[in-house]
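Quick notes on the structure that follows.
The values are calculated or read from the model by the stated rules, or taken from the named source; none is laboratory data. These figures come from a predicted structure and were not determined experimentally. Glycine also receives a Cβ, built like all others from the backbone with ideal geometry; neighbour counts cover every protein chain displayed.
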């Protein structure tokens, strides 16, 4: 039986900015002393996903810890080499380019694909002033400009990210900045490379709640100004919803290395079609939805299966309250779901709503199979 392939298509007829094709990222699990001669266990962090990103696009990835969302994000921007499939930037295979097999420079690709980490302090040299840290990307992209021009550009961007007076912040060391200020420096450093894509990897999770919306708004404001696409990774569905909703993007729900649902944030959250998305809704009470008020989680088991040995068929079937015998054998494809009566005016976003669940197919054999009994 062939394995299902999860796909998000770019919503344009033009060639995508980034295309991730049938990607797999499998890791060998570290072995203990008593396991040195055993076959290594393999963690399927990402297992058969295809993604297309347009210019000025937003894709918010959400799911529990260990679902593979950060690994997928790093693969999209070329920081993680896949073990299967291909990732292309403007039609050129990134890893073929690194091997020198295309007409594009790998250095140029890496400059165009940037990351903002959850802990920006760990990526800032504690022994260098902010102006020195921010000078480096300008030297790489504009080696011929003078030091005065570099400083002027740095001050201008620091002001743009809300760090005023810029000359004061530029002369500080990282330990003299708050968490939010460090994150703004990290954003400024990424933008100095004039990137096509920025991976925001849990970039707001370490900030105070009061600062999270402010930081998301800043990133989205700068997105339109710099014409940058964002891959926004979060374990919080409300943050993913806000970022995708205000960036006119999509939310992708990941579970054990697979995409199980993807679509416009309003449709996906107000009318979820996958039982795991229902679980995320239940676990996010600040979504202000009546459906999240249930006292018990909408699943049979709390424990997440071992990613080394994921369940057969639909990987969520061991926890799914809607699972039937068919779900234990067959893995559902990520297919477009269309229910205009249920969606109402929400269908006008133009973004497809896709789900990997047999319940979205009224004629599927799922409906004739027996329910799973614990």
request  = Check 97, 71 and return the single one that is touching a strand residue (DSSP E or B) at 6+ places or on another chain (Cβ under 6 Å) and on the phi < 0 side of the Ramachandran plot.
outcome  = 71
Sole exception among (1) closer than 26 Å to residue 22 by Cα; (2) modelled with pLDDT of 95 or more for residue 367, by number = (1)
ask   = If you take the residues of the stretch 213-238 that are farther than 14 Å from residue 187 by Cβ and out of contact with any strand residue (DSSP E or B) (no Cβ under 8 Å at 6 or more places or on another chain), which of them is surrounded by the most Cβ atoms within 10 Å (Cβ to Cβ)?
value = 238
request  = Identify all residues within the stretch 339-364 that are within 24 Å of the chain's Cα centre (by Cα), modelled with pLDDT under 95 and assigned to a loop (DSSP other than H, G, I, E, B); write none if there are none.
outcome  = 350, 351, 352
query = Regarding residue 203, is this residue under 12 Å from the mean Cα position of the chain (by Cα) and closer than 18 Å to residue 51 by Cα?
reply = no
message = Looking only at residues that are within 23 Å of residue 284 (Cβ to Cβ) and out of contact with any helix residue (DSSP H, G or I) (no Cβ under 6 Å at 6 or more places or on another chain) in the stretch 189-205, which one is modelled with the lowest pLDDT?
response = 205
query = Does the stretch 264-283 contain any residue that is over 29 Å from residue 58 (Cβ atoms) and either part of a loop (DSSP other than H, G, I, E, B) or at pLDDT 95 or above (or both)?
reply = no
key: Selected residue [over 19 Å from residue 272 (Cα atoms), assigned to a helix (DSSP H, G or I) and at pLDDT 80 or above] from 318, 328   = 328
task = Could you identify the single residue in 203, 186 that is in contact (Cβ under 8 Å) with a residue 24 or more places away in the chain, more than 22 Å from residue 107 (Cα to Cα) and in contact with a strand residue (DSSP E or B) (Cβ under 6 Å, 6 or more places away or on another chain)?
result = 203
ask   = On the given criteria, is residue 250 closer than 18 Å to residue 361 by Cβ and buried (at least 19 other Cβ atoms within 10 Å of the Cβ)?
value = no
key: When residues of the stretch 242-263 are limited to those that are in contact (Cβ under 8 Å) with a residue 40 or more places away in the chain and part of a helix (DSSP H, G or I), the one farthest from residue 53 (Cα to Cα)   = 243
query = How many residues are surrounded by fewer than 22 Cβ atoms within 10 Å (Cβ to Cβ) and farther than 18 Å from residue 117 by Cα when one looks only at the stretch 167-204?
reply = 7
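With respect to residue 141, is the statement that it is in contact (Cβ under 8 Å) with a residue 40 or more places away in the chain and more than 30 Å from residue 305 (Cα to Cα) true?
When the stated conditions are applied, residue 141 passes them.
Of all residues in the stretch 116-135, which are without any contact (Cβ under 8 Å) to a residue 40 or more places away in the chain and under 21 Å from the mean Cα position of the chain (by Cα)?
Of everything in the stretch 116-135, just one residue is without any contact (Cβ under 8 Å) to a residue 40 or more places away in the chain and under 21 Å from the mean Cα position of the chain (by Cα), namely 122.
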inquiry  = Out of the residues in the stretch 157-180 meeting the condition of being over 29 Å from the mean Cα position of the chain (by Cα) and free of Cβ contacts under 8 Å to residues at least 12 places away in the same chain, tell me which one is nearest to residue 122 (Cα to Cα).
reply    = 176
